[in-house]
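Structure record follows, encoded as structure tokens.
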Amino acid sequence: MKLKSGFKQLFNTTVFGHLRTVRMQEPRRLLLEENMYVNEVTDKVGYKYPHHFTAAFKKEFHMTPHEFQQ
């Protein structure tokens, strides 16, 4: 069995989907617990452009970082 198909069978997501989920946990925590601004979080987690971070966050959580903070 290949890694890609075996991973999807076991975890019901792709390797990259899982990686995205793991990577988005820290920005989620920073927004929720530290009350940081989106631009601060963007820099802290390594995104060059805030709109790229916003798109990745929305893909993971189905809402923008600003909506999440409300």
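The values are calculated or read from the model by the stated rules, or taken from the named source; none is laboratory data. Only a predicted model underlies this, so the values are computations on that prediction, with no experimental measurement involved. Every residue, glycine as well, gets a Cβ built from its backbone with ideal geometry; the counts of neighbours run over all protein chains shown.
Tallying residues that are free of Cβ contacts under 8 Å to residues at least 24 places away in the same chain, of a type in the set (Val, Ile, Thr) and in a helix (DSSP H, G or I) within the range 12-57 yields 4. Scanning the range 6-34 for residues that are surrounded by fewer than 12 Cβ atoms within 10 Å (Cβ to Cβ) and within 12 Å of Pro65 (Cβ to Cβ) gives a single hit, Leu32. When the range 8-31 is filtered for residues that are modelled with pLDDT of 95 or more and not basic (Lys, Arg), the ones remaining, listed by number, are Met24, Gln25, Glu26, Pro27, Leu30, Leu31. When the residues of the range 52-70 are filtered to those that are within 13 Å of the chain's Cα centre (by Cα) and either among the polar types (S, T, N, Q) or loosely packed, with under 14 Cβ neighbours inside 10 Å (or both), the one that is nearest to Phe16 (Cα to Cα) is Lys59.
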